[in-house]
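Asks: I'd like to ask you about the structure that follows.
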Amino acid sequence: MTKPRARPRGFLRILLVDDEEMLRRCTARTLNDFEVVAVNSGAEALALLAEDSDFDAVLSDVMMPRMSGPELFARCYRDCPRLAQRFVFASGNPESARTELQRVMDELGAPQPILLAKPCPREGLLLALFAAAAHGEPVSGTYALVDGEPVEVIKYRG
């Protein structure tokens, strides 16, 4: 594990884990206000985290080949418990993802993390990442904007 790096106050550092290149690039562009480190698998994320775990939040796809997002979470839960508190998941099939997440969380005795439905409005994604970075209590189930009402998002300033 590395020491936290110096960075401007309020500038979130996000680990993005998604096996689909186009989605990774689009999500990274959506999060252009932050430092985003993108990897394409759970194994690549673990290799990176072994050297550098200084992230404010982890945004992970749920269903990926070889190592799912919940399996990555389980490894982090054991090896980087403070980082595991700051996971946000995203899935194109949130009902199936919720079942898989619930199974892994029950095995670990961990609280249900934030789960976003893909595609997710930018405001919803930012709110979820801010909540995770602030170590806020995760919301069980799919994190969503209610009735499409506008949500004001103010950049986190520490």
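Asks: Give the residue, chosen from Phe55, Phe34, Phe11, that is at pLDDT below 95, at negative phi and in contact with a Lys or Arg (Cβ under 6 Å, 6 or more places away or on another chain).
Replies: On inspection, the qualifying residue turns out to be Phe55.
Asks: Could you please find all residues in the stretch 75-119 being within 21 Å of Ala131 (Cα to Cα) and assigned to a helix (DSSP H, G or I)?
Replies: Cys76, Tyr77, Pro81, Arg82, Leu83, Ala84, Pro94, Ala97, Arg98, Leu101, Gln102, Met105
Asks: Can I ask one more? Considering only residues that are in a loop (DSSP other than H, G, I, E, B) and either touching a Lys or Arg at 6+ places or on another chain (Cβ under 8 Å) or surrounded by 22 or more Cβ atoms within 10 Å (Cβ to Cβ) (or both), which ones fall in the stretch 37-52?
Replies: Answer for the stretch 37-52, where residues must be in a loop (DSSP other than H, G, I, E, B) and either touching a Lys or Arg at 6+ places or on another chain (Cβ under 8 Å) or surrounded by 22 or more Cβ atoms within 10 Å (Cβ to Cβ) (or both): Asn40, Ser41.
Asks: With the requirement that a residue be in a loop (DSSP other than H, G, I, E, B) and in contact with a Lys or Arg (Cβ under 9 Å, 6 or more places away or on another chain), what does the stretch 63-74 give you?
Replies: Met67
The values are calculated or read from the model by the stated rules, or taken from the named source; none is laboratory data. Everything numeric here is computed off the predicted structure, so don't read it as measured data. Reconstructed Cβ throughout: ideal geometry from the backbone, glycine too, with neighbour counts over all protein chains shown.
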